[in-house]
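K.L.:
First, the structure itself, so that you have it in front of you.
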């Protein structure tokens, strides 16, 4: 079990790394608007890949859906649809309050909700255990780090004269409420996986390895989550009249390939989070999400740094960024070495 726990820690960190870089291929798309790329990304990452992964990992997959009650699908369908709505709200919230502030608020809220929520739901008896208290300390460090990097990001925009303009109409307060809401709702995919016990048990009975049986629950969850994302991308294409971009010569296959790469990175990170969660006992969902969320913030910003996003920022601004990242690294180390019990 200690070996499984250590592997779970590693997978949680790797999940954050992969999720932190999955958007990088979008930098290299040609002649496509955001919604053109996002439609294919959504269809592949939440529509196709969950089926591919489940078909590989779960024997007799289709018979599980035929032979078991429809009620087994309910937790995943509800959690996935709510998660999909949260992804749409994410874009709206950032458009109202700006990227620097909005992304920091969403990251803080999701870290708290995604760590404490599963702890309360699935391990209430462990709330005051040493492992849980260490986890709370790590959450405080992660949130502090996110606050520092968010503040530094806002200062960087002012110094560069590129303050985030409001691209979606609405009050700042409304945008802030949306960001807080989407941060919490964006963690609901966790419950789609952990609460679909009927499906997971049916998959195990069919011969699926216990560490991979949750793939069938993620299939239901993310297929449901695909619907709001596809609807929003289609709405954006209709409103912005960008559907014709698919007809642009010499870029369709290139852009499609980048969308596929994004999808592989993103869903790969989600699956690694799920496997990490399964390997670390009752506290697994909370520990894994803390690693996943902090790793995502850390690696996304580090790659942004390497890409020159912080070039020209003042020493004060860079100092805030570095201190924020240092706190997140410290939190990851505390989780890795402080939460030592898999029970």
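K.L.:
Specify which of the listed residues (305, 310) is more than 30 Å from residue 191 (Cα to Cα) and in a helix (DSSP H, G or I). Lay out the reasoning, then the answer.
P.N.:
Values: 310 fails: in a helix (DSSP H, G or I).
Checking each option against the conditions leaves just 305.
K.L.:
Going by what's in this entry, would residue 172 be described as surrounded by 14 or more Cβ atoms within 10 Å (Cβ to Cβ) and in contact with a helix residue (DSSP H, G or I) (Cβ under 8 Å, 6 or more places away or on another chain)?
P.N.:
Considered against the rule, which asks whether it is surrounded by 14 or more Cβ atoms within 10 Å (Cβ to Cβ) and in contact with a helix residue (DSSP H, G or I) (Cβ under 8 Å, 6 or more places away or on another chain), residue 172 comes out as no.
K.L.:
I'd like the full set of residues that are in a helix (DSSP H, G or I), closer than 26 Å to residue 190 by Cα and in contact (Cβ under 8 Å) with a residue 24 or more places away in the chain, limited to segment 313-343.
P.N.:
325, 327, 328, 329, 330, 331, 332, 334, 335, 336, 338
K.L.:
One residue is enough: does segment 158-168 have a residue meeting the conditions over 21 Å from residue 276 (Cβ atoms) and assigned to a helix (DSSP H, G or I)?
P.N.:
Yes, segment 158-168 has at least one match.
K.L.:
Can you tell me which residues in segment 244-257 are closer than 12 Å to residue 33 by Cβ, assigned to a helix (DSSP H, G or I) and touching a residue at least 24 places away in the same chain (Cβ under 8 Å)?
P.N.:
Within segment 244-257, 245, 246, 255 qualify.
K.L.:
Evaluate segment 267-276: report whether one residue or more is assigned to a helix (DSSP H, G or I), under 21 Å from residue 129 (Cβ atoms) and in contact with a helix residue (DSSP H, G or I) (Cβ under 7 Å, 6 or more places away or on another chain). Reasoning before the result, please.
P.N.:
Of segment 267-276, the ones assigned to a helix (DSSP H, G or I) are 267-276.
Subset that is under 21 Å from residue 129 (Cβ atoms): 276.
Imposing the further condition that a residue be in contact with a helix residue (DSSP H, G or I) (Cβ under 7 Å, 6 or more places away or on another chain) reduces the set to 276.
Among the residues of segment 267-276, at least one is assigned to a helix (DSSP H, G or I), under 21 Å from residue 129 (Cβ atoms) and in contact with a helix residue (DSSP H, G or I) (Cβ under 7 Å, 6 or more places away or on another chain), which makes the answer yes.
K.L.:
Given 68, 36, which one is buried (at least 21 other Cβ atoms within 10 Å of the Cβ) and either touching a residue at least 40 places away in the same chain (Cβ under 8 Å) or more than 20 Å from residue 199 (Cβ to Cβ) (or both)?
P.N.:
On the way: 68 fails: buried (at least 21 other Cβ atoms within 10 Å of the Cβ).
When all the criteria are applied, what remains is 36.
K.L.:
Can you tell me which of 187, 209 is closer than 30 Å to residue 105 by Cβ and not in a helix (DSSP H, G or I)?
P.N.:
From the options 187, 209, the qualifying one is 187.
K.L.:
Another one. Sort out which residues of segment 115-140 are closer than 11 Å to residue 328 by Cα and surrounded by fewer than 21 Cβ atoms within 10 Å (Cβ to Cβ), and write them in order of number.
P.N.:
Selection gives 140 alone.
K.L.:
Among the listed residues 74, 58, which satisfies the condition of being within 25 Å of residue 285 (Cβ to Cβ), over 20 Å from the mean Cα position of the chain (by Cα), at pLDDT 95 or above and surrounded by 22 or more Cβ atoms within 10 Å (Cβ to Cβ)?
P.N.:
Of the residues listed, the single one that is within 25 Å of residue 285 (Cβ to Cβ), over 20 Å from the mean Cα position of the chain (by Cα), at pLDDT 95 or above and surrounded by 22 or more Cβ atoms within 10 Å (Cβ to Cβ) is 58.
K.L.:
May I ask you to list the residues in segment 11-36 that are touching a helix residue (DSSP H, G or I) at 6+ places or on another chain (Cβ under 6 Å), in a loop (DSSP other than H, G, I, E, B) and closer than 30 Å to residue 211 by Cβ?
P.N.:
Correct list: 22 only.
The values are calculated or read from the model by the stated rules, or taken from the named source; none is laboratory data. Source: prediction; values computed, not measured. As a convention, Cβ positions derive from the backbone with ideal geometry for all residues, glycine included, and neighbour counts pool all protein chains shown.
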